[in-house]
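Chemist: Below is the structure I would like to discuss, written out as structure tokens.
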Amino acid sequence: MKTLLLIRSSLLLGNGQSNRLADRYVAAWQAANPQGRVVVRDLAQSPVPHLDLARVGAFSTPAEQRTPEQQALVAESDALIDELQGADVIALGLPLYNFGIPSTLKAYFDHIARAGMTFRYTASGPEGLVKGKQVVVFAARGGLYQGQPHDTQTPYVRNFLGFLGMTDVRFVFAEGLNMGDEPRAEGLRNAESAIDTLLEPVAA
């Protein structure tokens with residue numbers, strides 16, 4: 001049975017276009033995979049705590065030396081990693097906030113990037129340990145950023161996922177959403193068309 005992990009990060013919840021596009025994709029994926037399982041991680045409704053000294057200290061302390069408090073902190077991160085590793089397909093709703101990703105998503109990334117668990121360093125360089133996943137990113141933007149130097153979001157997300165071993169990453173862009181009715185309609189239409197082209201290869 002296949003598992004799809006849906007990661008939402010829009011502060012607008014159900015009104016966020018990145019979430020809506022991801023939901024459209026998930027519905028179609030479920031239709032193509034009726035026996036599949038969908039796991040939802042909503043970072044706006046249930047934010048992951050940002051890293052602090054206590055959490056970093058817990059991560060770096062050998063398991064047998066951790067205090068009960070440290071064990072509880074590490075368990076939160078372990079659960080997120082287990083959830084990620086258990087997915088075959090990952091759908092990520094990604095709004096653009098001030099030229100970057102939502103801080104809640106950055107906190108999530110910080111919890112799943114752990115040496116020895118999701119990546120490791122070798123003599124030939126770092127190796128990602130989260131392999132065999134398909135990732136579809138639904139990027140919603142108010143303006144036009146794709147392919148421009150000021151789009152720092154796309155390479156960052158691609159590089160981060162690749163560092164953890166997820167190299168099959170596909171982006172669906174919905175841009176111009178705050179530029180008027182016509183550009184908004186065109187941006188959403190293009191994104192929905194792109195979703196339709198993704199369904200068959202992802203479901204196969």
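Chemist: Could you give the distance between the Cα centres of the range 5-84 and the range 138-186, to the whole Å?
Modeler: If you average the Cα positions of each part, the centres end up 21 Å apart.
Chemist: Also: Please give every one of the lysines within straight-line cross-link reach of residue 106, meaning a C-alpha to C-alpha distance under 21 Å, and leave out same-chain neighbours fewer than 8 residues apart.
Modeler: Correct list for residue 106: 131, 133.
Chemist: Can you tally the net charge around residue 168? Count Lys and Arg as +1, Asp and Glu as -1, for every other residue whose Cβ sits under 10 Å from the Cβ of residue 168.
Modeler: Numbers: positive: 131, 133, 170; negative: none.
Here the charged neighbours net out to +3.
Chemist: Now for a separate question. So who's got an amide H within less than 5 Å of the one on residue 119, skipping anything under 5 residues away but keeping other chains? H placed 1.01 Å off N, in plane.
Modeler: 114, 129
Chemist: Right, another one. So what does the Cα-only Debye profile of the range 142-204 read at q = 0.17, 0.21, 0.26 Å⁻¹, as log10 I(q)/I(0), no solvent term?
Modeler: The Cα Debye sum returns log10 ratios of -0.73, -0.95, -1.08.
Chemist: Something else about it: Enter the accessible area of residue 103 (Å², nearest 10), with the probe set to 1.4 Å and all protein chains included.
Modeler: Here the accessible area works out near 70 Å².
Chemist: For helix 17-32, report the angle its Cα long axis makes with the longest principal axis of the Cα atoms of the chain; keep it between 0 and 90° and round to the nearest 10°.
Modeler: Long axis of 17-32 versus the principal axis of the chain: about 90 degrees.
Chemist: May I ask you to evaluate 6.51 cos²θ - 1.76 cosθ + 1.60, the Karplus curve with θ = phi - 60°, for each residue of the range 55-71 and list the ³J(HN,Hα) values in order in whole Hz, giving x for glycine and proline?
Modeler: For the range 55-71, the Karplus-derived couplings read 5, 4, x, 5, 4, 8, 7, x, 3, 6, 9, 6, 6, x, 5, 5, 4 Hz, x marking Gly and Pro.
Chemist: Quick one: which residues, 5 or more positions from residue 91 or on another chain, have an amide H under 5 Å from its amide H? H modelled 1.01 Å from N in the peptide plane, none for Pro or chain starts.
Modeler: Long-range HN contacts for residue 91: 5, 6, 7, 136.
Chemist: Continuing with the same structure: Over the alpha-carbon set of the range 77-131, work out the extent along each principal axis and list the three values in angstrom, largest first.
Modeler: Sorted largest first, the three principal extents are 37, 24, 19 Å.
Chemist: Could the peptides 3-14, 41-52, 171-182 be put in order, highest first, of the mean number of other beta-carbon atoms found within 10 Å of their residues? Please list the in-between numbers first.
Modeler: Details: 3-14: 19.0, 41-52: 14.8, 171-182: 16.9.
The most tightly packed comes first, giving 3-14, 171-182, 41-52.
Chemist: How tilted is helix 103-112 with respect to the longest principal axis of the chain? Cα atoms for both, answer in degrees (0 to 90, nearest 10).
Modeler: Taking the Cα atoms of the chain, the angle to 103-112 is about 50 degrees.
Chemist: Moving on. Taking the 0 to 90 degree range and rounding to the nearest ten, how far is the long axis of helix 181-203 tilted relative to the main principal axis of the chain, both from C-alpha atoms?
Modeler: Taking Cα atoms only, the helix is inclined about 60 degrees.
Chemist: What are the ³J(HN,Hα) couplings of the range 165-177, residue after residue, when phi is run through the Karplus curve with 6.51, -1.76, 1.60 and θ = phi - 60°? Round to Hz, x for glycine and proline.
Modeler: Computed from phi, the couplings for the range 165-177 are x, 8, 9, 8, 10, 10, 9, 10, 9, 10, 10, x, 6 Hz.
Chemist: Around residue 37, which amide H atoms from residues at least 5 apart in sequence, or from another chain, sit under 5 Å from its own amide H, with H modelled in the peptide plane?
Modeler: 2, 3, 4
Chemist: Tell me, what % of the accessible area of the range 59-128 is carbon and sulfur with a 1.4 angstrom probe? Mind showing how you got there, number by number?
Modeler: Details: 1740 of 3330 Å².
The C+S portion of the solvent-accessible surface of the range 59-128 is 52 percent.
Chemist: For every helix of n ≥ 4 consecutive DSSP H residues, a contribution of -39,500 (n - 2.57) applies; sum these over the chain, divide by its total residues, and give [θ] at 222 nm rounded to the nearest 500 deg cm²/dmol. Intermediate values should be presented prior to the final figure.
Modeler: On the way: 6 runs with 86 residues, N = 204.
That calculation yields -13500 deg cm²/dmol at 222 nm.
Chemist: Just the accessible area per residue of the range 10-93, please: how many Å² with a 1.4 Å probe? Numbers along the way, then the final one.
Modeler: Working: 4350 Å² over 84 residues.
For the range 10-93, the per-residue accessible area is 52 Å².
Chemist: Residue by residue through the range 75-85, what is 3J(HN,Hα) from phi via Karplus (6.51 cos²θ - 1.76 cosθ + 1.60, θ = phi - 60°)? Round to whole Hz and write x for glycine and proline.
Modeler: These are the phi-based 3J(HN,Hα) values: 4, 5, 5, 4, 5, 5, 5, 4, 4, 5, 5 Hz.
The values are calculated or read from the model by the stated rules, or taken from the named source; none is laboratory data. Remember, it's a predicted structure, so these values are computed and weren't measured experimentally. With ideal geometry, Cβ positions are generated from the backbone for all residues, glycine too; neighbour counts draw on all protein chains shown. To get the accessible areas, we keep the full protein, side chains included, count just its heavy atoms, and leave off ligands, DNA and RNA. Shrake-Rupley method; radii C 1.70, N 1.55, O 1.52, S 1.80 Å.
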